[in-house]
């Protein structure tokens, strides 16, 4: 039976793993390769690396760490951040990443998703979506350039519409980052994830809000997501992956031990 | 041992190269027919679409070379699919080394692509699968698959059964990614490296 995936997310800035609260005030957590290796050995099912400086700085970012990760880890990993073209994606995949995730550049030019699908196949194409609940309008809206507080801005897209659009363009997986929940460890945004699950026919990964083991059980049972992404609870040692997997198996969730 | 990874121009070549290097084997990545013919063992990786990958092999004039190999040949993911007779992904003839056809997955309503860690069943006694059991998880990413047949060495279930590992004579293939399947995947690669015809 296909297992639900636990996915530590490593935000990368200048080759170091960092973590902020609600996308701000980033602190350095550690070096990227040993952390990646540690997570792979601890039982992570997959890793995501977000180069959070890339999209917002508009500069060419050194991605040689991708190859160094590919050398040591034996589980799949995805690289996000600053991938604006087929050529950018090709370089990352050539260095050994299994998937690329696009976010702001896909909002700027949605054709990018179709191009990536055509050249590399659907399975390589992940679309990351930063979704923020706007109290005034009562709607979930898509934000871009979330790596840089000063440039973060609302887009014209409602989250539901963008989820439909990226699927129509050939996305192979969607990572839905619920910004209101990010880094505050109060639980995944079950209401939003459940509503997006209904219209998401490709694998859906929950992101933002994990604080306790129960939050993982909740997101798998209530929102039926395919994977759960988390950062701070893993980086800070609040939750150990082996213990989490044991708990999820006890809770009846399909998990790779 | 001379291990050659066929340079299909596909994305997972580095991953496969690093995976065998972790097992102590320095492979050569090549699209030169002479190197491939002279190798002790050959791996055919693949990510992308069957149509593009077969075109790459055609362009590099490697089809006859791969069809004529007598030494162990392992196809991975799309590389495995290319070992069969035909793929409906782009309606393209394949290498025809193992009978079978690649069809869109019939997942009985389950989400596609089939992406993530899954288990095997009906595991055969082939040397490639030494030490495997139905509680081992392997990493899959695909939307097309080969139906179970006499040439299936292990089956995976996702909505319906499909061939997870196939084999005939000197040729074997895995639908999952051993290079990305942790210690279990490494075991399959190790078995391949140790396999004596």
Checklist entry - Only one of B:131, B:100, B:109, B:159 is out of contact with any strand residue (DSSP E or B) (no Cβ under 9 Å at 6 or more places or on another chain), at pLDDT 95 or above and more than 23 Å from residue A:97 (Cα to Cα); which? => result B:131
Checklist entry - Among the numbered criteria (1) away from chain A (no Cβ under 11 Å); (2) in contact with a strand residue (DSSP E or B) (Cβ under 6 Å, 6 or more places away or on another chain); (3) surrounded by fewer than 14 Cβ atoms within 10 Å (Cβ to Cβ), which single criterion is violated by residue B:91? => result (2)
Checklist outcome for this item: Counted residues in the stretch A:219-254 being over 22 Å from residue A:35 (Cα atoms) and either within 14 Å of chain B (Cβ to nearest Cβ) or buried (at least 19 other Cβ atoms within 10 Å of the Cβ) (or both) come to 10
Next on the checklist: Checking residue A:129 against (1) under 22 Å from residue B:114 (Cα atoms); (2) facing chain B (nearest Cβ under 10 Å), only one condition comes out false. Which one?
Outcome noted: (2)
Next on the checklist: I'd like the residue in the stretch B:113-143 that is within 10 Å of another protein chain (Cβ to nearest Cβ) and under 23 Å from residue B:85 (Cα atoms) and, out of all such residues, is surrounded by the fewest Cβ atoms within 10 Å (Cβ to Cβ).
Outcome noted: B:143
Checklist entry - Would you call residue A:137 outside any helix (DSSP H, G or I) and out of contact with any strand residue (DSSP E or B) (no Cβ under 8 Å at 6 or more places or on another chain)? => result yes
Item to check | The listed residue being in a helix (DSSP H, G or I), more than 15 Å from the chain's Cα centre (by Cα) and within 14 Å of chain A (Cβ to nearest Cβ), out of B:21, B:34 | outcome: B:21
Checklist entry - Which fully enclosed strands (runs of 3 or more DSSP E) of the stretch A:1-94 have 3 or more residues being at pLDDT 90 or above and touching a strand residue (DSSP E or B) at 6+ places or on another chain (Cβ under 9 Å)? => result A:5-13, A:47-51, A:77-80
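The values are calculated or read from the model by the stated rules, or taken from the named source; none is laboratory data. These numbers were taken from a predicted model, which means no experiment stands behind them. For neighbour counting, all protein chains shown are included, and Cβ atoms are generated from backbone atoms with ideal geometry for every residue, glycine included.
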